[in-house]
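Written below as structure tokens is the structure these notes are about.
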Amino acid sequence: QVQLVESGGGLVQPGGSLRLSCAASGIIFRIYAMGWYRQAPGKQRELVATIITGGNTNYADSVKGRFTISRDNAKNAVYLQMNSLKPEDTAVYYCTAGLGNQHYWGQGTQVTVSS
């Protein structure tokens, strides 16, 4: 059974930082592309960042220079370091794992940026 469990969300003031973590189980983690998506209230789910098996990364323009995605294959984990947070970053953040036609999602973790 595949499980992706996110943690690290919460309430932070504008300009603050958070680090999201996603622990994966039930997959051969090192061969999966991993990513983070987010969905704000009333909006469609959008890609935030991805990291493939070789370590190459890709970011949405809205988070470039502020967010960093990383992975630890020994711990079956992927992380999202979020700096200089803005109110518009408020959303539920989802961890994803993808390989070919296989695609798995976590339950999500809430990030709220507000003063």
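If you check Q81 against the conditions, is it part of a loop (DSSP other than H, G, I, E, B), under 13 Å from the mean Cα position of the chain (by Cα) and not hydrophobic (A, V, I, L, M, F, W, C)?
Judged against the criteria, Q81 is not a match.
Among all residue pairs at least 6 apart or on different chains, which show Cβ distances below 9 Å where the first residue, located in the stretch 52-81, is over 10 Å from G35 (Cα atoms) and the second is among the aliphatic types (A, V, I, L, M) and loosely packed, with under 14 Cβ neighbours inside 10 Å?
Matching pairs, first to second residue: T53/I31.
Looking only at the stretch 102-110, decide whether some residue is of a type in the set (S, T, N, Q), part of a loop (DSSP other than H, G, I, E, B) and surrounded by 12 or more Cβ atoms within 10 Å (Cβ to Cβ).
Looking for residues that are of a type in the set (S, T, N, Q), part of a loop (DSSP other than H, G, I, E, B) and surrounded by 12 or more Cβ atoms within 10 Å (Cβ to Cβ), one finds none in the stretch 102-110, hence no.
Any idea which residue in the stretch 22-78 is surrounded by the most Cβ atoms within 10 Å (Cβ to Cβ), counting only those that are among the aliphatic types (A, V, I, L, M) and outside any strand (DSSP E or B)?
V63
Report whether or not L20 is in contact (Cβ under 8 Å) with a residue 60 or more places away in the chain, in contact with a strand residue (DSSP E or B) (Cβ under 9 Å, 6 or more places away or on another chain) and not hydroxyl-bearing (S, T, Y).
Yes, satisfied.
Read the figures in this text as sums done on the coordinates, not as results from a lab. Being a predicted model, the structure only gives us computed values, none of them experimental. Positions of Cβ are backbone-derived with ideal geometry, glycine not excepted, and every protein chain shown enters the neighbour counts.
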